[in-house]
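Read the figures in this text as sums done on the coordinates, not as results from a lab. Fair warning: this is a prediction, and the values are worked out from it, not measured in the lab. As a convention, Cβ positions derive from the backbone with ideal geometry for all residues, glycine included, and neighbour counts pool all protein chains shown.
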Amino acid sequence: MEFVVFVQQVVNGLANGMGYVLIAVGLTLVFGVLRIVNFAHGEFYMLGAYITYYVMSLAGVGYIGSLIVSTLLVAAIGILANHFFFRPLRREHEFTILLSSLGLALLIANAAEHFFGADPKYVTTQYADETVELGPIVVTEQRLLVIAVAFAMIAATYWFIRSTRMGKMMQATAQNPEGAALTGINTGYVHAYTFAFACALAALSGSLVGPTAMLFPTVGDWAVLKGFIVVVMGGLGSVTGALLGGIVLGIAESLGGGYVSLGFKEAIGYAIIILVLLWRPQGLFSASTDRK
Amino acid sequence: MTHDRPAKTAFGVLALFALPLVVGSTYIQHMMVLWAMYALLALSLNIIIGYLGELTFGHAAFFGIGAYTSAILSIQLGLPVIIGPFVAAVVAGLFGLVIGFVALRIVGPQFAILTLGFGAILHTVTNYWVDLTRGPMGISNIPSFALPGLEIDFTLARNMYYVVLVFLLAIAYLCHALISSRTGRAFLALRENPQLASSIGINVFGMKLLGFVAATAIAGLGGSLYGHYLRVITPELMSLQYMAALVIMVIIGGKGTIIGPMVGALVYVGLLELLRATGSLRLVVFAALLTACVIFLPGGLVSLWRRVRDRRRTAPTPEAAA
């Protein structure tokens, strides 16, 4: 019986963790390719969840359709955000860029609070109430959907970076921006593309995870903190690290919340960042030590 | 060029002291107390952002530690309120020493994330350690500020303004003395180029730790005054919102200067009141101001004034040449 509870916690943790992975992969790509530590990344998660809610409730589109619309819209917002908030600062100190991202985060979060209202919203989907029984383990279809879509997206991201022309241009830009520009790569275009892609992943995460909880305009703070924890654990710039880090964080929180206390659950992530940054600043799952 | 600076400073200080005599409205006097408190906090954050050149996202936590230390000492132990600010500064500084000792080994964006983590842990602990902090309910009925043997009512904004102003001017003077000293020049050297600073014998880690502890101790002092004035504190003092407010003040006013953070605090308090009617939209205005400053005016409002002054000074020369 005890073992069943344990497995149940692990499965719930895996679903939360895959939501974190989608946030963190975007954060890590933006750091790797654009060298931006994007404090505003969580706001794209928030926008994704809210746009899904509004498309569903105002336009009457189904959940999956709304999810796709929301992901594409947030990608477009991402292109604009990059153009106005990060492109002008490309040559500036990382400190300045971090401040600009803080400004962007406050701007989106407070505008969202103004326009969407501070009261909680609920995204209702047909998958949230239906459960699937795998022996003694009970999982909602929504959680299974999170896990399945997230794994599919990560696989697609790997394929995209490894095999496509744009993916290779992203790799080149990440390794050496000047060298990439010399070979004729339009790095500004690559930056915009990467940023939009990262925002789309965050929005997808928001649309998928949104129905499992209440939705507040301040949820972006929560999302970006989780993203930072995962990215620090996995190593800034590493996609595999983000995948492993997200799963570890999700399961650790679920077990900590189940066996210790819910307050402790929130602190686990922060304790992890501090230990990892002090012990292995390059990330737990990163093989190389030369990465800056 | 700088010969008139002492005169201007003296004039400014006198004006600040005379202001409550001219302004009779208790509402505006209340704003002035808030300004002085935020200016004190912004000056402390400026030591880290402006002089050490590191971005910290955990500064509000030290402000909260100071407020809680002083409130708990005066309520639970019944200690006189006057020692509160000093004990609060020591306790916040000790936290700063421990956290700085581990966190300052890391620089750049990772340092910002690390301080964010420490700040979030302190916030979480304050929220959940109900026996000591009364949790999310906060502590209310904190005794107001008092001087032993004097019958002055410090619940009045005008009287409290003078207390905070004295602390503010003392800290502003200390910042000035610091930056004019060998230690201050070492701070600026390591901000510009840590390797070079280290090569000429500056202990980079020790200097950063010194600056960090000083900044956190001053934040603790500010927190104590804040608690004894508003008389209610909640864990929200340690939230991201206060952290962002302090960063906004320093950046809008002008980092790395003494007048800048004080101007930034004035803009913050003033706009917050002027825009009260717009409701939640005012925070959007602050965010837009922060971003606009970062992109278009990296030196803050102080640099704008300096730019105007320089233009006025250089303008007549072409005419004279012609």
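Couple of notes before you dig in:
- In a simple Cβ point-charge model (Lys, Arg +1; Asp, Glu -1; nothing else charged), chain A has a dipole of about 980 debye relative to its Cα centre.
- For the protein assembly as shown, the number of Lys pairs separated by eight or more positions or lying on different chains, with C-alpha atoms closer than 30 Å, is 12.
- Pair-distance profile P(r), taking every C-alpha pair of the range B:181-280, with 5 angstrom steps and integer %: 2, 10, 13, 19, 20, 13, 9, 7, 4, 2, 0
- The range B:61-109 and the range B:126-146 have Cα centres separated by 15 Å.
- Cα-only Debye scattering, the range B:69-180: base-10 log of I(q)/I(0) at q = 0.23 Å⁻¹: -1.27
- Relative to the 2.2 N^0.38 Å rule of thumb, the range B:218-322 has a C-alpha radius of gyration ratio of 1.39.
- CD proxy at 222 nm, helix term only [per DSSP H run n ≥ 4: -39500 (n - 2.57); per residue of chain A; nearest 500]: -25000 deg cm²/dmol
- Protection proxy ranking for A:40-53, A:162-175, using the average of other Cβ atoms within 10 Å per residue and placing the highest first: A:40-53, A:162-175.
- With a simple spin-label model that places each label point 7 Å from the Cα along the Cα-to-Cβ direction, the separation between A:T96 and A:T183 comes to 2.9 nm.
- Mean partner shielding of peptide A:91-101, defined as the number of other chain Cβ atoms within 10 Å of each residue Cβ, is 5.
- Spatial separation of Cα centroids for the range B:234-300 and the range B:154-227, in angstrom: 20 Å
- The alpha-carbon atoms of the range B:132-231, seen along their principal axes, cover 55, 32, 20 angstrom, with the largest extent given first.
- Between 0 and 90 degrees, the angle of helix A:262-279 with respect to the longest Cα principal axis of chain A falls at about 30 degrees.
- Kirkwood-Stokes translational diffusion coefficient of the range B:1-70, alpha-carbon pairs, 4 °C, 1.567 mPa s, µm²/s: 87 µm²/s
- For the range A:43-173, alpha-carbon Rg and Dmax in angstrom: 18.5, 57
- Efficiency of FRET between A:F264 and A:A59 - r from beta-carbon atoms, R0 35 angstrom, step 0.05: 0.25
- Pair-distance profile P(r), taking every C-alpha pair of chain B, with 10 angstrom steps and integer %: 6, 25, 34, 24, 9, 2, 1, 0
- Degrees, to the nearest 10: A:41-59 long Cα axis against longest axis of chain A: 60 degrees
- Packing-based order for B:24-30, B:174-180, A:198-204, using average beta carbon neighbours within 10 Å, highest first: A:198-204, B:174-180, B:24-30
- Every Cα-Cα pair of the range A:1-80 was included, and the share exceeding 19 Å stands at 52 percent.
- Computed over the protein assembly as shown, the ratio Rg/Rh where both radii use C-alpha atoms and Rh is Kirkwood: 0.99
- Here the peptides B:66-76, A:210-220 are ranked by packing, the mean other Cβ count within 10 Å, and the order with the highest first is B:66-76, A:210-220.
- The length gained on full extension between B:V107 and B:L230, counted as 0.36 nm times the residue separation minus their Cα-Cα distance, comes to 40.7 nm.
- P(r) tail, the range A:123-179: Cα-Cα pairs separated by more than 12 Å, 73% of all pairs.
- Compared with the dominant principal axis of the Cα atoms in chain A, helix A:239-259 is inclined by about 30°.
- Among the helices of chain B, those built from whole DSSP H runs whose Cα atoms reach 30 Å or more along their own axis and whose mean Kyte-Doolittle hydropathy is at least 0.0 are B:157-180, B:204-230.
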